[in-house]
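Trainee: Dropping a structure here in structure tokens format, bear with me for questions.
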Amino acid sequence: MKHLITAMTLMAGSIGAEAADMSHGANNFYRSEQVSFERVTFKNQFQMTTVGNLFLPKKQDVNAKHPAIIVGHPMGAVKEQSSNLYAQKLAEQGFVTLAIDLSFWGESDGRPRNLVSPDIYAEDFSAAVDYLGSQGFVDRNRIGVLGICGSGSFAISAAKIDPRLKAIATVSMYDMGGANRNGLKHAVTVEQRKQAIAEAAAQRDVEFAGGETKYTSGTVDQLTESSNAIEREFYDFYRTPRGQFTPEGQSPLLTTHPTLTSNVRFMNFYPFNDIETISPRPMLFIAGEGAHSREFSDEAYRLAGQPKELVIVPDAGHVDLYDRVDLIPFGKLTSFFQANLK
């Protein structure tokens, strides 16, 4: 199985690198010739090892101190999916960037794999600040954060209690708490929520008695005639060469799927509570005009203090902003961080 997974991982990476324009400019596996790359590790406060990809502009003066940006991947993804792309594009503009794997995902520590723990996810961002601030080429007073999809909510959660994050941006943000409690457009009833909680609690008994781990949600593994538009949107990224990536030693059948028993922790996750206390640190919210997740960026923007900005990308959906370089407003992200990490 390990050899099979390794082969699939290499295949996904090589196909992505060769097909730079697979889907309306999609280029998830972009490799920049303008930046250097190093795999780095550091401990969070739970003494778990966080793994990240560190990118530096090749023409950068290593004897000077530079602004840095931490980049968080979509929920259920890994740093090789969307995060590396954003990190490299921003490094090309002169920033030191660090794309991290959240705990329990990718190469970072955490057992069982795919565990949901919003508190530890937020800690990973603060641990990344610890690491970057200790590097001689980083100005510890000029560190920002960019969260994609679910990481947008985790980055906000971290920023509320970590003032070292000086500028906060999100792209295609999912409020993972609201999405699990209420569903999209508040379509989930309280009774349905209670049913999901009861199912997770019953599964704890099964697994405590030695039963197999059960997984939930995430991206469907096959499309059918009844698959809805959102399922098809995620499938096009996670289950095709466009964005498919499986870390070595892990099963491709489990990618994006959190454990059922831990997923209910999102019910207690309220990242937008007290979001206004991040002010006067600036916040930027970017969402696709047609994104099914746009409601979360709209809500965060409404609640956030000043300064804040909401950018809506025309003709873009949720997953479009993962890797479609002709739609992603890299110029806006660059100007935001240049202005606020001076």
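Each reported figure results from applying straightforward, stated rules to the coordinates on display, with no laboratory input. This is a predicted model, so every value here is computed, not measured. Glycine gets a Cβ as well: all are built from the backbone with ideal geometry, and neighbour counts include every protein chain shown.
Trainee: Which residue, GLU38, GLU107, GLU295, has the most motion in a Gaussian network model of the chain that connects Cα atoms within less than 10 Å?
Mentor: Judging by the Gaussian network model, the answer is GLU38.
Trainee: From the Cα gyration tensor of region 253-340, with a ≥ b ≥ c the square roots of its eigenvalues, which class applies: rounded if a/c is under 1.5, or else prolate if a/b is larger than b/c, or else oblate?
Mentor: Verdict is oblate for region 253-340.
Trainee: If I take R0 = 56 Å and measure r between the Cβ atoms of ASN228 and GLU38 in this structure, what FRET efficiency does the formula 1/(1 + (r/R0)^6) give, to the nearest 0.05?
Mentor: Given R0 = 56 Å and the Cβ-Cβ separation, E is 0.85.
Trainee: Further, regarding this structure: Go through 149-157, 323-331 and give me the packing order, highest mean Cβ count within 10 Å leading.
Mentor: 149-157, 323-331
Trainee: What does the net charge come to around ALA68 if you take all other residues with beta carbon closer than 13 Å to its beta carbon, with K and R at +1 and D and E at -1?
Mentor: Charge balance near ALA68 sits at +3.
Trainee: Let me ask another. Toward the positive end of the charge dipole of region 80-230, about the Cα centre and with charges on Cβ (Lys, Arg +1; Asp, Glu -1), which of SER226, ASN114, ILE161 goes farthest?
Mentor: Working it through, the farthest residue towards the positive pole turns out to be ILE161.
Trainee: Cα to Cα, under 20 Å, and not fewer than 8 places away if on the same chain: which lysines meet these conditions relative to LYS185?
Mentor: Within reach: LYS194.
Trainee: If each residue's Cβ is checked for other Cβ atoms within 10 Å, how do SER227, SER103 rank with the fewest at the top?
Mentor: Least to most surrounded, the residues fall as SER227, SER103.
Trainee: Taking amide hydrogens as modeled 1.01 Å from N in the peptide plane, which residues meet the under 5 Å criterion relative to HIS66, leaving out close sequence neighbours?
Mentor: Those lying under 5 Å, H to H, from HIS66 are VAL138, ASP139.
Trainee: By the scheme Lys and Arg +1, Asp and Glu -1, what is the net charge of all other residues having a beta-carbon under 13 Å from that of ILE161?
Mentor: In short, -1.
Trainee: Right, another one. To the nearest 0.05, what FRET efficiency results for ASN141 and ALA198 with a Förster distance of 30 Å applied to their C-beta separation?
Mentor: After rounding to 0.05, the efficiency reads 0.05.
Trainee: Also, I was wondering about something else. Per-residue ellipticity at 222 nm for the chain, helices alone: DSSP H runs ≥ 4 residues times -39500 (n - 2.57), over residue total, nearest 500 deg cm²/dmol?
Mentor: Taking each H run of at least 4 residues, the total per residue is -10500 deg cm²/dmol.
Trainee: Per-residue HN-Hα couplings for region 78-89, Karplus 6.51 cos²θ - 1.76 cosθ + 1.60 at θ = phi - 60°, whole Hz, x for Gly and Pro?
Mentor: Result, rounded to whole Hz: 9, 4, 6, 10, 6, 4, 4, 4, 4, 4, 5, 4.
Trainee: I want the local charge near ARG232. Using Cβ-Cβ distances under 12 Å, sum +1 for each Lys or Arg and -1 for each Asp or Glu among the other residues.
Mentor: -3
Trainee: Let me ask something else. Could you tell me which of rounded, prolate or oblate describes the chain, using a ≥ b ≥ c as the square roots of the eigenvalues of the alpha-carbon gyration tensor, with rounded for a/c under 1.5 and, failing that, prolate when a/b is larger than b/c and oblate otherwise?
Mentor: It is rounded, given that a/c, with a ≥ b ≥ c, falls under 1.5.
Trainee: Let me ask something additional. Would you please classify the overall shape of region 65-186 from the alpha carbon gyration tensor, given that a ≥ b ≥ c denote the square roots of the eigenvalues, rounded means a/c under 1.5, and beyond that prolate means a/b larger than b/c while oblate covers the rest?
Mentor: prolate
Trainee: Let me ask you something else. What list do you get for LYS79, LYS308 if you sort them by fewest beta carbons within 10 Å?
Mentor: Ascending number of Cβ neighbours within 10 Å: LYS308, LYS79.
Trainee: Which order do peptides 83-89, 275-281, 252-258 fall in by mean Cβ count within 10 Å, highest first?
Mentor: Packing order, densest peptide first, comes out as 83-89, 252-258, 275-281.
Trainee: Charges at C-beta only: +1 for Lys and Arg, -1 for Asp and Glu. How large is the resulting dipole of region 56-148 about its Cα centre, in Debye rounded to 20?
Mentor: 280
Trainee: Between GLN338 and ARG31, with labels modelled 7 Å along Cα→Cβ, what's the label distance in nm to one decimal, could you check?
Mentor: 2.9
Trainee: Post the alpha-carbon centroid distance, region 279-301 to region 62-134, in whole angstrom.
Mentor: With region 279-301 and region 62-134 each reduced to a Cα centre, they are spaced 20 Å.
Trainee: Amide H to amide H, which residues 5 or more places from LYS214 or on other chains are under 5 Å from it, using H placed in the peptide plane?
Mentor: Distant-sequence amide H within range of LYS214: LEU260, THR261.
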